[in-house]
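First up is the structure itself, then whatever we jot down about it.
The values are calculated or read from the model by the stated rules, or taken from the named source; none is laboratory data. Worth saying up front: this structure is predicted, and the values here are computed from it rather than measured. Every residue, glycine among them, receives a Cβ derived from its backbone with ideal geometry; neighbour counts consider all protein chains shown.
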């Protein structure tokens, strides 16, 4: 469940924050602290996109750095660059926090390729939200859901067992049971031999 929460945060946290920062009237009184306290010379959308660029640059740099130095590189880049960017007014402090949580969500994603796909989805949501505010966010979410729902991988719907709904298979995906219990292959694959073991 923690992994699912991480994947959700990696896609929706930063665009949701951007939406609420651009449209403070959507916030209840108890959450009125969300959003930058002081207006910045740099628009929030540009800040969010720069934060995405910076995080992806740091990830690529860490990938191409020897493992003994990668951790130090990540810490130095995160602390020094983040602190100085806030200090000179390029970023608001909240952008750094929410972008970092979204990046942690990407690292919590079990598949590296899925993490990259989620990053692309987040950037799409950011651009739509920054340009069109609430209608852009809702429209982008609908477009993403339709795209994923209509995508098929090796003839199997990408959202199976949610779309089309298969309660038994969905339960097995959400609540993992021990591997020896999974002795039947998924019904959606339509194989002649259903026995897994």
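What number goes with the only condition from (1) assigned by TED's automatic domain parsing to the domain that holds residue 20; (2) over 19 Å from residue 58 (Cβ atoms); (3) in contact (Cβ under 8 Å) with a residue 24 or more places away in the chain that residue 103 does not pass?
(2)
Applying the selection to region 123-155, what residues are on the phi > 0 side of the Ramachandran plot and exposed (fewer than 12 other Cβ atoms within 10 Å of the Cβ)?
Those that are on the phi > 0 side of the Ramachandran plot and exposed (fewer than 12 other Cβ atoms within 10 Å of the Cβ): 154, 155.
Only one residue in 121, 117 is touching a residue at least 40 places away in the same chain (Cβ under 8 Å) and either part of a helix (DSSP H, G or I) or assigned by TED's automatic domain parsing to the domain that holds residue 86 (or both), so which one is that? Spell out how you get there, then give the answer.
Values: 117 fails: touching a residue at least 40 places away in the same chain (Cβ under 8 Å).
Sole residue among the options that is touching a residue at least 40 places away in the same chain (Cβ under 8 Å) and either part of a helix (DSSP H, G or I) or assigned by TED's automatic domain parsing to the domain that holds residue 86 (or both): 121.
Can you tell me which residue within region 108-122, out of those that are touching a helix residue (DSSP H, G or I) at 6+ places or on another chain (Cβ under 7 Å) and surrounded by fewer than 17 Cβ atoms within 10 Å (Cβ to Cβ), is nearest to residue 82 (Cα to Cα)?
Residue satisfying both the conditions and the ranking: 108.
Considering only helices (runs of 4 or more DSSP H) fully contained in region 1-100, which possess at least 1 residues that are at pLDDT below 75 and surrounded by fewer than 16 Cβ atoms within 10 Å (Cβ to Cβ)? Break it down stepwise before answering.
Numbers: elements: 2-22, 44-63, 67-76, 82-87.
Those helices (runs of 4 or more DSSP H) span 44-63, 67-76, 82-87.
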